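Heads up: the structure comes next, in C-alpha cells.
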Amino acid sequence: VIPIAYNVRNLAVRKATTAAAAAGLGLVVFVFASVMMLANGVKQATHRAVDPNGVIALRKGSSVEIESGLDESSVALLGAMPGVARSAAGQPLAVGELVVLVILDKREGGLSNVVIRGVPENVLALRPSLRVKEGRAPRPGTNEVMVGSSIRPRIQGLDPGKVLEIRKNRPLQIVGVFEDDSSSNESEIWGDLHVVQAAFAQQGTVSSVRVRLESPGAFDRFAAAVAATPQLHLNTWRESEFGDRQTQGTAIFLSGMGTLVALLFSIGAVIGAMITMHATVEQRQREIGTLRAIGFTRTQVLASFLLESIVLALVGGVFGAGASLLMSLKRISMMNVSTWSELSFKFEPTPGILLAAIALAVVMGACGGLLPAVRTARINPIQAMRGA
Amino acid sequence: VTLWTIAARNTLRKRFRTTMTVLGGAVAVLAFIMLRTVLDAWNVGVAYAAKDRLSTRNKVSFGVGMPKRYVDEIATKVQGVKNVTYCDWFGAKWAKDPNESFSNIACADNAFEVYPELEVDPAALARWKADKTGAIVGDMLAKKLGLHVGDTVTLEGSFYPGDWQFTIQGTYTAPRQAAVDRSTFFLRWDYKNDRVPERQKDNAGWIFARVDDASRSAEVARAIDRIFEDREIQTATMSERAANNLLLGGVSAVLDAVDVVSFIILAIMMLILGNTIAMSVRERIAEFGVLRAIGFPSRQISAFIIGEAMLVALFAGLLGLGLSFPLVQMAMGKWLEENVGHLFPSFRISVPTMIGAILIAPALGAFASLLPAIRAGKIPVTEALRRTA
C-alpha cells in the first residue's frame, strides 16, 4: 500500500490549491452543521424541563395550547382520573393553565408575539425544574408576574420593577425573572391564572390541563379513562411527545431548508475538489508512472489518490465542523410557526451532528476524487515516465 | 488575434477543467438564485401590499379581536374611509385529510369589495351573499381538492370546535396580481358567529378599511385608533404594508440567515474559480515569459488572465440562470404555489435577481483572478522563461 504520508505531503506542497479546495468543502460542512444544530436547538427548547410523569390535555382537535379552550371544571375531573399523583396534603396534582399571546415591542425594534401564561398557585408542584433567578415569585391572586430569562433581553421593559400595560387600567407588575433548564418556558411571562383570565375576558377558561402521574407507566390507564369520558372531549399527550409537536413545523422547516442548501452547495464543492484532484493527477503523471513501474498495482494507485481526496475533504470538514461549534455561542430568536409565538433557542451541537458533518465531508471528498483517481489508475507507466 | 480571442481560446485548452469550472459556477449561481427567490417570495406580501388599505387589530393581542360594533363606528365616524370589512382567522382543518393545509377565513359578505384584486363571478357572489353556509374558494384550491359549485364539504374546527358544513358557491381568481394566495377558503363570518358560544360572539378579529385617498392613509389610521383610545379594548391600525412587514418580522432571523447563506455560496464559487485560474496560471508561467519577451506589457498579460476568468464565470452565470428556470421556477415554484400557496403565493425569479446573477458572475471571476493575474504580470521575464511546468 502506498503510505498515506505520500498524499499528505503532496497536499502540503500545493498549499494554496489545497487550502482553496478545502475551504470550499469546509464552508459546506459549516452551513450543514449549523443548520442541523439550529433545528436541534429548536427541538431541545421544548424537550427540556419535561417531566416523564407529566401529561398535558387539550381540547380535541387542538394541537397547540393557543388553539385550545377548556372549561375550568375539567381540571377537577382530570384530577380524579386513575393514576394521578397526589401531593403530601392529598390533593391531586392537576393544574389548569391559560395561554394568551400579547404583542410587545422588541428591544431591537418591531413587534413580537409573547406568551403570557396564567398559572394557579400550586403550579410549582408540576414544574420542579423552575427556579426564580432574580427578584421573587409573584404572590398568588395578585397582578404580579415573572418573566422568563430568555425573553427578557428580547423585549422592551421586561425588567423587575416595571409594569406591563395589558388593558387599560389592568397593569401587570413584574416582580421576578425565572429560569427553567433553558426550555421554551423561558420565552414566556407567567402570572396568576385568575388575573390573566380576567385581563383577557376569559373567566372560567383554561387552555390546557397539566397532570402529574404516579409513574410513566400509568399513562395508558389514565388516557383510557379520559377517552372513556366523552363529555371531557380531550386529547392527552405525555409532556415529552407534546413538546415535539410544538416545534415540529419549525424544526422541519429549518432542517429541510438546510438540507436543500447543503445539497446544492455540496455539488459545487465536489466539483471544486474534482478540479483540484484532476489538476494534481495531470501534474504528477511522471510520479504516477514511477509508482506503477516499481510495482504498485492499479488498485493501490487508485486507492491512494482517492485517499488523498478524502484527506483533503477531511481537513475542510474538520475546520467547517469546528467553526460551526462557535455558533453555539449565539442565540436565535424567531417565531415558532406552530405556536405563533416568539421562541428563543441556541445552536445546539450533538456528537451525531458533528459526525454527520464530517461524514458529509468524506463523501464529498470521495465523490470528487473518484473520477481523477480512476484516470490515474489507467495511466500507462511507460508513456507517463517518458513525460506526457 | 486580439487578447480577447486568446483569452477565449485559452479556456478550451483544458476542456475538462473548464467544463467542471463552468458547472461548479453554474450550481453556485443556481443556489444563489434559489435563495434570493425564497427571500423575494417571503417579501411578496410587503412588495405588493395595497396602498389604500388599512388593517385594524386589537392593540394587545392578535388572537383576541375587537367588538364587532367597532366596524360600524369606523364606517360612520371616520372621514375618508371608502368601505370596511372584517375577518376572523377560522383555522379549521380539511376533515377528509387534516394534513391538507390551506387558509380558511371567516369574512363579512362585503369582503370582496375591500379586496378587489380577488375576482369573483357576480352570480357566485350573489349566491354567497344569499347562503350563510356558502363558501368561496380560490381556484387553485378548488382544482387541488376537486371542488365544484354546489358541493357540500366539511371542515373540522380547532379554535372553533366541531364539524362545519359548507356549500361551495363559487371560486375566486386573481388575474391582475400574481402575489395573491389562490388557495384560501372564505366562509361567512355570520355563520361562524351564530354557532360560537356566547363569550366568543360578535367579535371581529381584524377590521380592514379602504381609504378614498391613499396619501391620507396614515391620517385615517390615526383617526381610527383615536376613537377607541379610551375604551377598554384599544386598537392598532396600520397600512397593509406595515402589517405584512410585522408578520415577517417574526421570521426575520431565518430571512437574515438565508441572506447570509446566499452570499456564502458566492464565496464558494469564487474559491472554485480562483483555484482554477491559479492552477492554469501556474502551468503557463513559461508562456507568459515568452509573451513578455516578445513585447507584451505585463498589464496586458494580467488583463487577459482576468478576461479568461470573466468569460468562464459569465458562462457559469448564464448556465446557472438557464437551469434556474426549469428547476427553481417551474418545478420548485410551481409545487410551492400549488401546495403551500398560503405561505408562497408567488414563487418566481425576479428581474433584479436575474440581472444580479448575470452581473455578479463575471465580477466574481474578475475578483477571483485578480491575485494570480497580478502575480503572473509581476514575475521577471527571465525567471518565467526558465520555468517549465
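Rounded to the nearest 5, what % of DSSP beta bridges with both residues in the protein assembly as shown are antiparallel?
80
Roughly speaking, what is the stretch gain from residue B:363 to residue B:342, that is 0.36 nm per residue apart minus the C-alpha to C-alpha distance, in nm to one decimal?
Contour length minus Cα-Cα distance gives 3.9 nm.
At 10 °C and a viscosity of 1.306 mPa s, what translational diffusion coefficient does Stokes-Einstein give for region B:349-389, taking Rh as the Kirkwood radius over Cα pairs? Give it in µm²/s as a whole number.
Using the Kirkwood radius from Cα pairs, D works out to 125 µm²/s.
Going by average Cβ density within 10 Å per residue, which order do the peptides B:212-224, A:136-148, A:17-29, B:263-275 take, highest to lowest?
A:17-29, B:263-275, A:136-148, B:212-224
To make sure I understand the rule: partners must be lysines, Cα under 19 Å from the Cα of residue B:51, and not fewer than 8 residues away in the same chain. Which ones qualify?
Counting by Cα, and skipping residues close in sequence, residue B:51 has these lysines nearby: B:82.
For residue A:201, put the label point 7 Å out on the Cα→Cβ axis and report which residues of region B:193-207 keep their amide N under 14 Å from it.
The answer is B:197-206, whose backbone nitrogens lie closer than 14 Å to the label point.
Over 30 Å between Cα atoms: which of A:133/A:330; B:14/B:378; A:43/A:168; B:59/B:192; A:168/B:132; A:330/B:59 fall into that group?
Over 30 Å Cα-Cα: A:43/A:168; A:168/B:132; A:330/B:59.
Sum up the charges of everything whose Cβ sits under 10 Å from the Cβ of residue B:233, counting Lys and Arg as +1 and Asp and Glu as -1, but leave residue B:233 out.
Summing Lys and Arg as +1 and Asp and Glu as -1 gives +3.
Starting from 0.36 nm per residue, how many nanometres of slack lie between residue B:139 and residue B:126 once their C-alpha separation is accounted for?
Taking 0.36 nm per residue and subtracting the Cα distance, the gain is 2.9 nm.
Could you please rank B:247, A:104, B:314, placing first whichever residue has the fewest other Cβ atoms within 10 Å of its Cβ?
Fewest-to-most ranking of B:247, A:104, B:314: B:247, B:314, A:104.
Based on DSSP, what percent of beta bridges with both residues in region A:95-241 are antiparallel, to the nearest 5?
70
Three principal axis extents, largest first, for the C-alpha atoms of region A:1-104, in Å?
77, 38, 25
For residue B:117 and residue B:355 in one chain, what is 0.36 nm times their gap in residues minus the Cα-Cα distance, to one decimal in nm?
The span from residue B:117 to residue B:355 would gain 82.8 nm if fully extended.
Where in region A:275-297 is the amide nitrogen less than 11 Å from a point lying 7 Å along the Cα-to-Cβ axis of residue A:6?
Output list for this probe position: A:287-297.
Nearest 10 degrees, 0 to 90: what angle lies between the long axis of helix A:351-378 and the longest principal axis of chain A (Cα atoms)?
Here the helix axis deviates by roughly 20 degrees.
Kindly put B:87, B:107, A:367 in sequence by how many other C-beta atoms sit within 10 Å of each C-beta, fewest to most.
Listing B:87, B:107, A:367 from fewest to most nearby Cβ atoms yields A:367, B:87, B:107.
Return the FRET efficiency for the residue pair residue A:88, residue B:198: r is the Cβ-Cβ distance, R0 is 51 Å, and the value is rounded to the nearest 0.05.
Step by step, r from the Cβ atoms, then E = 0.80.
To test your reading of the geometry: what angle, between 0 and 90 degrees and rounded to tens, separates the Cα axis of helix A:239-283 from the longest principal axis of chain A?
The angle comes out near 10 degrees.
What are the ³J(HN,Hα) values, in whole Hz, obtained from phi via the Karplus relation 6.51 cos²θ - 1.76 cosθ + 1.60 with θ = phi - 60°, for each residue of region B:74-87 in sequence order, with x given for Gly and Pro?
5, 5, 9, 9, 9, 7, x, 8, 7, 8, 10, 9, 8, 9
How high is the relative contact order of chain A, given as a whole-number percent (alpha carbon pairs under 8 Å, six or more residues apart)?
29
Return the loop-located trypsin sites (Lys or Arg not before Pro) in region B:169-198 (DSSP other than H, G, I, E, B) with at most 11 other Cβ atoms within 10 Å of their own Cβ; answer none if there are none.
B:176
Counting only other chains, and only Cβ atoms inside 10 Å, what mean value do you get across the residues of A:166-177?
Per-residue shielding by partner chains comes out at 2.
Note down the net charge around residue A:115, summing +1 for each Lys or Arg and -1 for each Asp or Glu among other residues with Cβ under 14 Å from its Cβ.
Here the count lands on -4.
With each pseudo-label sitting 7 Å past Cα toward Cβ, what's the residue A:252-residue A:108 distance in nm, one decimal?
With each label point 7 Å from Cα toward Cβ, the separation is 2.7 nm.
How large is the charge dipole for chain B, taken about the Cα centre, if only the Cβ atoms of Lys, Arg (+1) and Asp, Glu (-1) carry charge, to the nearest 20 debye?
Computed about the Cα centre, the dipole is about 2100 debye.
Name the residues whose placed amide hydrogens come within less than 5 Å of the amide hydrogen of residue B:68, ignoring near sequence neighbours (fewer than 5 apart) on the same chain.
B:203, B:204
Other chains near B:265-278: what is the mean number of their Cβ atoms within 10 Å of each residue's Cβ?
Whole-number average of other-chain Cβ neighbours for B:265-278 is 6.
What is the diffusion coefficient of region B:120-244 in µm²/s, taking the Kirkwood radius over Cα pairs and the Stokes-Einstein relation at 37 °C with a viscosity of 0.692 mPa s?
Once the numbers are plugged in, D ends up at 192 µm²/s.
Using modelled backbone amide H atoms (1.01 Å from N, in-plane), which distant-in-sequence or interchain residues come within less than 5 Å of residue B:78's amide H?
Close amide H contacts, sequence-distant or interchain: none at all.
Other chains near B:256-263: what is the mean number of their Cβ atoms within 10 Å of each residue's Cβ?
3
Go ahead and estimate [θ] at 222 nm for chain B from helices alone: -39,500 (n - 2.57) per DSSP H run with n ≥ 4, summed, over the residue count, rounded to 500.
Helices in chain B give a 222 nm mean residue ellipticity of -17000 deg cm²/dmol.
Against the 2.2 N^0.38 Å scaling, with N counting residues, where does region A:256-320 land? I'd like the Cα-based Rg ratio to two decimal places.
Here the answer is 1.42, to two decimals.
Return the long-range amide H neighbours of residue B:83 (sequence gap of 5 or more, or a different chain), with a cut-off of under 5 Å between placed amide H atoms.
Hits under the 5 Å cutoff: B:210.
Need one number: nm distance between label points at residue B:218 and residue A:298, each 7 Å from Cα along Cα→Cβ, rounded to one decimal.
7.7
What nm distance separates the two modelled labels at residue B:149 and residue B:267, each placed 7 Å from Cα along Cα→Cβ?
That separation, rounded to one decimal, is 5.8 nm.
Over the Cα atoms of region B:27-110, what Rg and Dmax result, in angstrom?
When restricted to the Cα atoms of region B:27-110, Rg and Dmax are 18.6, 58 Å.
With n ≥ 4 as the cut-off for DSSP H runs, can you work out [θ] at 222 nm for chain A, using -39500 (n - 2.57) per run divided by the number of residues, rounded to the nearest 500?
-16000 deg cm²/dmol
With a bin width of 20 angstrom, please list the P(r) values of the protein assembly as shown as percents of all Cα-Cα pairs, from the 0 bin to the one holding the largest distance.
14, 38, 29, 16, 3, 0
With a 10 Å Cβ neighbour count serving as the proxy for reagent exposure, in which order, fewest first, do B:119, B:113 appear?
Listed from fewest to most nearby Cβ atoms, that is B:113, B:119.
Laboratory data are not the source of any read-out in this text; all were calculated from the coordinates shown. Bear in mind the structure is a predicted one, so any value in this text is a computation, not a measurement. So basically every Cβ, Gly included, is an ideal-geometry build from the backbone, and we count neighbours across all protein chains shown.
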